[in-house]
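Student: Take this structure, written in structure tokens, and hold onto it; I'll ask about it next.
We did not get these values from a lab; they are worked out from the coordinates using the rules stated. Quick caveat: nothing in here was measured; it's all calculated off a predicted structure. Cβ atoms come from the backbone with ideal geometry, glycine included; neighbour counts cover every protein chain shown.
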Amino acid sequence: MSNPRSRADIHLSAWQAAALEAGKFFPALQAGLHDPYAADDVANNTPPVDGRIASAGLDFASSLDEPRTDWAKHAARAGQELEITWHMHAPHKTRRWNYFLTTSSWDPKKPLARAQFDPTPIATIQNAAQPYWAHDDLIPSNPTVHRVRLPEEHRGYHVLLAVWEIADTGNAFYQVIDLDLS
């Protein structure tokens, strides 16, 4: 994710930022779940545990999980449409992207956990073609740009979690963007 810059893009090498991969279907905790929309997609691997969400549970990226208030923040307005750009290092048959925002009562002094995010995404971009093995149109353009409307009621420091779910593996790519909403 290059625009706005994610924590990974700012603090990790390019290969590390592109490798933040863990089980799909956040906020689920268990592995082996099938997609209710696309039952033929590959079942999920284990999603990252609470406190390891920003790093996708990967040790080389564990610094991204630190509960700090001094992360570089992208300035945005509550209610605005935020343009988000993904650059793909490798093509993947994609089922969907989900965007989750921290709740109005989240605590930035605590590690990112499911309870800190609204369980309902503020935006979902879903690819409909099924089954995944019969459709090359599930491979997104590179770059891919989404426009995500930020909630009106959120102000101040928030974290946007972007989860890019892959159809033909059990994984998703995880990225977080720190926002300063006015």
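Student: Over region 7-181, what is the percentage of antiparallel beta bridges among all DSSP beta bridges, to the nearest 5?
Tutor: Numbers: 31 of 34 bridges.
The antiparallel fraction comes to roughly 90 percent.
Student: Can you sort Asp178, Asp40 from fewest to most other Cβ atoms within 10 Å of each residue's own Cβ?
Tutor: Values: Asp178 23, Asp40 13.
Least crowded to most crowded, the residues run Asp40, Asp178.
Student: Sticking with this one: Between Trp15 and Lys109, what's the calculated FRET efficiency when r is the beta-carbon distance and R0 is 25 Å? Round to 0.05. Walk me through the intermediate numbers first.
Tutor: On the way: r = 31 Å, r/R0 = 1.23.
It comes out at approximately 0.20.
Student: For Lys93, go through the lysines and keep the ones whose alpha-carbon is under 19 Å away, minus same-chain ones fewer than eight residues off.
Tutor: Partners within reach: Lys24.
Student: Still on this structure, please answer the following. Suppose every Lys and Arg Cβ carries +1 and every Asp and Glu Cβ carries -1, with no other charges. What dipole size does region 7-181 come out with about its Cα centre, to the nearest 20 debye? All intermediate terms of the calculation are to be shown ahead of the outcome.
Tutor: Working: 15 positive and 22 negative charges, 60 e Å.
Charge dipole of region 7-181: 280 debye, to the nearest 20.
Student: On to the next question. Going from the alpha-carbon gyration tensor of region 116-159, what semi-axes, largest first and in whole Å, does one get by taking the root of 5 times each eigenvalue?
Tutor: On the way: eigenvalues 182, 33, 14 Å².
They are 30, 13, 8 Å, listed from largest to smallest.
Student: Still on this structure, please answer the following. By how many nm would the segment from Gln80 to Asp180 grow when fully extended, if each residue of separation counts as 0.36 nm and the alpha-carbon distance is taken off?
Tutor: Numbers: separation 100, 0.36 × 100 = 36.00 nm, distance 1.23 nm.
So the extension gain works out to 34.8 nm.
Student: Given the DSSP H assignment, sum -39500 (n - 2.57) over each helix run of at least 4 residues in the chain and divide by its residue total; what's the result at 222 nm in deg cm²/dmol, nearest 500? It would help to have the intermediate numbers written out before the result.
Tutor: Details: 2 runs with 9 residues, N = 182.
Counting only the DSSP helices, I get -1000 deg cm²/dmol.
Student: Ok, one more. What base-10 log of the normalised intensity I(q)/I(0) is obtained for region 64-113 from the Debye formula, alpha carbons as equal point scatterers, at q = 0.13, 0.17, 0.32 Å⁻¹?
Tutor: Each listed q corresponds, in turn, to -0.52, -0.85, -1.31.
Student: Which ordering of Val42, Val163 is given by a fewest-first count of other beta-carbon atoms within 10 Å? Write down the numbers at each step before the final one.
Tutor: On the way: Val42 18, Val163 24.
Starting with the residue having the fewest Cβ neighbours, the order is Val42, Val163.
Student: So, one more: Which percent of the Cα-Cα distances in the chain go past 22 Å?
Tutor: Numbers: 6846 of 16471 pairs.
Considering the chain, 42 percent of its Cα-Cα pairs are separated by more than 22 Å.
Student: Excluding same-chain residues fewer than 8 positions from Lys109, which aspartates and glutamates have a Cα within less than 15 Å of its Cα?
Tutor: Asp50, Asp65, Glu66, Asp70, Asp178
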